[in-house]
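Read through the structure below, which is laid out as C-alpha cells, and then see the notes.
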Amino acid sequence: QMKWLALLIPYISAIFGLYAFNNIWLAVGIYHILILIFLASSNKLDLDKNLYKGWDLKIGWLAIAIGFLAGIIIFLTIPLITTTEHLNNALVNLGLGNMKSLLVFILYWSFVNPIIEVVFWRGYLQDKNKKIAPIDFAFSGYHLLYLVFLIPWQFLIFPFVFLVFASWIWRWMAYKYKGLLLPAISHIAADFTVVLSVYLFLTI
C-alpha cells in the first residue's frame, strides 16, 4: 500500500511546482526531496548500494544505446513539432529563462535526477512482472505533465509510448542482473541526450 502511495509523489510534485507556481526547479526539487523522505521513512535509503551492482558488458551497450536513442529521436523530431520561439517561451515560464540556468538544469537533470529515479523506481518500486506493468504507465505518465509545456499535446502519445517501453526495459535490467547499474547508466544517457537535444535546438 505504501508503494502505491509513493506513486503519487511525481504527480503531486509536478502539479504543485509546475501548475501552481510555474517553476520547474520547484517541481523537481519537491519530487526529489519527497522521494528521499519517503525512502528514509521506509528505511530504504541503502538501496543506493545497488547502484554499483548488476553490470553486463553486452547488455551495457544496449542500455546506453536505448538511452541515446531517446535523445536522437528528440533531436530529429523536435523541429517538426515545435518552434524555438515556443520552446523559449515555455522555458522562460518554467524558470529557465537564460542559458546559465538552462545549463545548470541540464547538468542536474542529467546526472542527479537519473540516480534518484533509478533508486526510487527500479529499487524501491521495482515490480518483478516480466511484462509491461501498471508501474511503467505510472512512470511514463508523470513525464507528460512536464512535456505538455514543451510540445503540442497531440504529440504526447509518442514520448508516452517510448517511456513505457523504456521503463519496462529498465525494470527488466534491474531484475535480471540484480542491480541498478545498467538502468542507471541508460537513464543518464537518456536524460543527458534529451536535454542536450533541446539545448542544441535552441542554440544552433
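The values are calculated or read from the model by the stated rules, or taken from the named source; none is laboratory data. Values in this document were obtained by computation on a predicted structure and should not be read as measured data. Note: areas computed on protein heavy atoms with side chains; ligands, DNA, RNA excluded. Shrake-Rupley method; radii C 1.70, N 1.55, O 1.52, S 1.80 Å.
Compute the helix-to-body angle for 157-176: its Cα long axis versus the longest principal axis of the chain, expressed 0 to 90° and rounded to tens.
30 degrees
Only one of the listed values, (i) -0.59, -0.82, -1.38, -1.53; (ii) -0.62, -0.82, -1.26, -1.38; (iii) -0.74, -0.97, -1.34, -1.42, was derived from the coordinates as log10 I(q)/I(0) by the Debye sum over Cα atoms at q = 0.12, 0.14, 0.18, 0.19 Å⁻¹; which label is it?
(i)
For the chain, modelled as a GNM with alpha-carbon contacts under 10 angstrom, which of A20, A166, A174 fluctuates the most?
Of the options given, A20 has the highest mean-square fluctuation.
Using the alpha-carbon centroid of each, what span in Å lies between the range 5-72 and the range 124-202?
10 Å
Sort the range 24-79 into rounded, prolate or oblate with this rule: let a ≥ b ≥ c be the square roots of the eigenvalues of the Cα gyration tensor; rounded if a/c is under 1.5, and if a/c is not under 1.5, prolate when a/b is larger than b/c, oblate otherwise.
It is oblate, given that a/c is not under 1.5 and a/b is not larger than b/c.
On a 0 to 90° scale, report how tilted helix 181-203 is relative to the longest principal axis of the chain, with both axes built from alpha carbons and the result rounded to the nearest 10.
Approximately 0 degrees, to the nearest 10.
Out of the total accessible area of the chain (probe 1.4 Å, heavy atoms of protein only), what percent is carbon and sulfur?
72 percent
Return a whole-number percent for the relative contact order of the chain, with Cα pairs under 8 Å and 6 or more residues apart as the contact set.
In percent, rounded to a whole number, it is 37.
Which entries of K49/K100; K128/K178; K44/K131; K3/K58 show an alpha-carbon separation above 21 angstrom in the structure shown?
K49/K100; K44/K131; K3/K58
When a/c is below 1.5 the answer is rounded, else prolate if a/b is larger than b/c, else oblate, so apply that to the range 13-120 with a ≥ b ≥ c taken from the square roots of the Cα gyration tensor eigenvalues.
It comes out oblate by the Cα gyration axes.
Given the DSSP H assignment, sum -39500 (n - 2.57) over each helix run of at least 4 residues in the chain and divide by its residue total; what's the result at 222 nm in deg cm²/dmol, nearest 500?
That calculation yields -22000 deg cm²/dmol at 222 nm.
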